[in-house]
Amino acid sequence: MANQLSNFRRFPSAFAIVAASALAFTGLVATTSPAYAQSGGDYRCANLAEQASTAANGAEAGKQANAKRFVSTGKKLCEAGNERAAAKQFRAALKLAGVSEVQGDAQVAAAN
């Protein structure tokens with residue numbers, strides 16, 4: 001009987017170790033997810049950002065500073081994981097520069 005009691009006494013510490021491990025794993029997954037989104041997996045934070053940056057550099061002198069500001073804000077939003085808001089900033093920079101968005105075949109197929 002004494003043997004069984006000692007096993008039950010160890011159960012809370014074993015449960016705590018398992019719970020802490022699960023929590024650590026969840027934290028690891030949560031912190032690596034934004035890095036995956038930033039790695040170029042999203043069209044809006046990869047290709048669209050590049051288009052907007054190129055268009056901002058080639059914009060008229062009066063509009064160039066504003067276009068670059070839109071691009072900078074969009075890049076910060078991508079780093080924060082907000083691709084939708086970033087795309088709005090990149091598209092505003094393209095519009096300000098007078099350039100239309102160039103979509104690849106995959107983006108056109110996804111839009112239809």
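Taking segment 51-108 as the range and being over 15 Å from the mean Cα position of the chain (by Cα), aliphatic (A, V, I, L, M) and surrounded by fewer than 18 Cβ atoms within 10 Å (Cβ to Cβ) as the test, the residues that pass are 61, 65, 99, 102, 106, 108.
On the basis of being farther than 16 Å from residue 84 by Cα, modelled with pLDDT of 50 or more, of a type in the set (A, V, I, L, M) and part of a helix (DSSP H, G or I), does residue 23 make the cut?
Criteria met by residue 23.
Filter segment 73-90 down to the residues that are part of a loop (DSSP other than H, G, I, E, B) and of a type in the set (A, V, I, L, M) and list them by number. Passing the criteria: only 80.
Looking only at residues in segment 39-50 that are among the small types (Gly, Ala, Ser) and assigned to a helix (DSSP H, G or I), the one that is most open to solvent (accessible area, probe 1.4 Å) is 39.
The values are calculated or read from the model by the stated rules, or taken from the named source; none is laboratory data. These numbers were taken from a predicted model, which means no experiment stands behind them. Every residue, glycine as well, gets a Cβ built from its backbone with ideal geometry; the counts of neighbours run over all protein chains shown. Heads up: the accessible areas ignore ligands, DNA and RNA and are worked out on the full protein's heavy atoms, side chains in. Shrake-Rupley method; radii C 1.70, N 1.55, O 1.52, S 1.80 Å.
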